[in-house]
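Written below as structure tokens is the structure these notes are about.
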């Protein structure tokens, strides 16, 4: 955003966290926000009074909170009234904004607010929906941290509704873990929320961990996986599984993991490199060798294969299939134009070569999302039955 005084606003991670700066054309600059937290969205500036608006992780990396700061007085005000996940969209004159608020156990609350944070109109409070959810005996999502190689990892857990600390429960881990992503956030998760709740009601403890390389915790944490995608992420997931398996209420002999896309890549590495820890893994549309993925993404993190052969080879599940001991299901759409089917076909060839047992499900003419008609229902029925049978 350009300002009238021959300068402009930009964001940078130069101090280790993404923050706002005013940059002058002579090369000098002023840091506007500081701290061990991230500015996740710069919304803009009201040039009439020089208020800037931004969303940040100042109240915790799993939360998103809206702030405004005056560039003249340097006064900062919190506009979000509730702790959780706030997403804001401003009018052109910055007098109003549409706000979406939710937390891990509450569906989104949509409102129009003025630039002081006051609610002008409620668009949708989802009151009826939240009330209906109370009838289904859903478990609260609990947040906690796990340490792996002196790094604190964000995690959430869903326990069975009738949880008994004196019982042993199988553990089902859900993973994505890709660069800059976050799955452990204090927001309502539509995608897998009710499926995970169903698994909890069937007696599983469901856990998700954001490994190293994910977002919200500074540039060092995010960029530490550079040139070695898959290595540290897998170490973190394995260490988390070991920690959880030692809890009194988790059966360490019944630990499974499932992921889609990058998550399928990590779950494939976990069932191979972590063969002594994981009893079961499901990989949906997984990358199995970074040589098969598009270079605009891959080379950003891994350089070229000719420059980083060890990084590519050491972290390819294909090269570790000998280690597999547990049950392994691979799912892919034959028309996947993101993670090409070649990834799964090469993995299958490696598994067959090593005489490893596995399960394979191909959806003809389905893309990376694997949906359309009865497809998604069929997929999740298959996943559920596979978990019930093998975990």
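The values are calculated or read from the model by the stated rules, or taken from the named source; none is laboratory data. Note that the structure is predicted; figures quoted are calculated from it, not measured. Don't worry about glycine lacking a Cβ; one is built from the backbone with ideal geometry, like all the others, and counts go over all protein chains shown.
Points to keep in mind about this one:
- Note on region 259-270: residues that are buried (at least 24 other Cβ atoms within 10 Å of the Cβ) and assigned to a strand (DSSP E or B) total 1.
- Residue selected from region 2-13 under the condition in contact (Cβ under 8 Å) with a residue 24 or more places away in the chain and more than 29 Å from the chain's Cα centre (by Cα), by the criterion nearest to residue 75 (Cα to Cα): 3
- Residue list for region 89-109, restricted to those being outside any strand (DSSP E or B), under 30 Å from residue 142 (Cβ atoms) and modelled with pLDDT of 95 or more: 104
- Qualifying residue in region 376-390 (condition: assigned to a loop (DSSP other than H, G, I, E, B) and either touching a residue at least 60 places away in the same chain (Cβ under 8 Å) or surrounded by fewer than 16 Cβ atoms within 10 Å (Cβ to Cβ) (or both)): no
- The residues in region 190-206 that are in contact with a strand residue (DSSP E or B) (Cβ under 8 Å, 6 or more places away or on another chain) and either touching a residue at least 60 places away in the same chain (Cβ under 8 Å) or assigned by TED's automatic domain parsing to the domain that holds residue 101 (or both) can be counted, and the count is 4.
- Of the helices (runs of 4 or more DSSP H) lying entirely inside region 135-246, those containing at least 2 residues that are at pLDDT 95 or above and within 30 Å of residue 305 (Cβ to Cβ) span 219-223, 231-245.
- Test: residue 112 is under 21 Å from residue 91 (Cβ atoms), touching a strand residue (DSSP E or B) at 6+ places or on another chain (Cβ under 6 Å), surrounded by fewer than 12 Cβ atoms within 10 Å (Cβ to Cβ) and at pLDDT 95 or above: no
- Residue among 336, 365 that alone is outside any helix (DSSP H, G or I), more than 17 Å from residue 178 (Cβ to Cβ) and in the same structural domain as residue 245 (by TED's automatic domain parsing): 365
- In region 271-296, the residues that are part of a helix (DSSP H, G or I) and under 15 Å from residue 358 (Cα atoms): 271, 272
- Filter result for residue 301 (in the same structural domain as residue 233 (by TED's automatic domain parsing), touching a residue at least 40 places away in the same chain (Cβ under 8 Å) and over 30 Å from residue 253 (Cα atoms)): yes
- Within region 297-311, tally of residues that are over 20 Å from residue 214 (Cα atoms) and either assigned to a helix (DSSP H, G or I) or modelled with pLDDT under 95 (or both): 2
- Given (1) under 30 Å from residue 236 (Cβ atoms); (2) touching a helix residue (DSSP H, G or I) at 6+ places or on another chain (Cβ under 6 Å), index of the condition residue 173 fails: (2)
- Subset of region 226-241 that is out of contact with any strand residue (DSSP E or B) (no Cβ under 8 Å at 6 or more places or on another chain) and surrounded by fewer than 24 Cβ atoms within 10 Å (Cβ to Cβ) - its residue that is nearest to residue 60 (Cα to Cα): 232
- Within region 23-81, the residues that satisfy the criterion of being exposed (fewer than 14 other Cβ atoms within 10 Å of the Cβ) and within 18 Å of residue 222 (Cβ to Cβ) are 35, 36.
- Only residues that are assigned to a strand (DSSP E or B), more than 28 Å from residue 103 (Cβ to Cβ) and free of Cβ contacts under 8 Å to residues at least 24 places away in the same chain were counted in region 14-67, giving 6.
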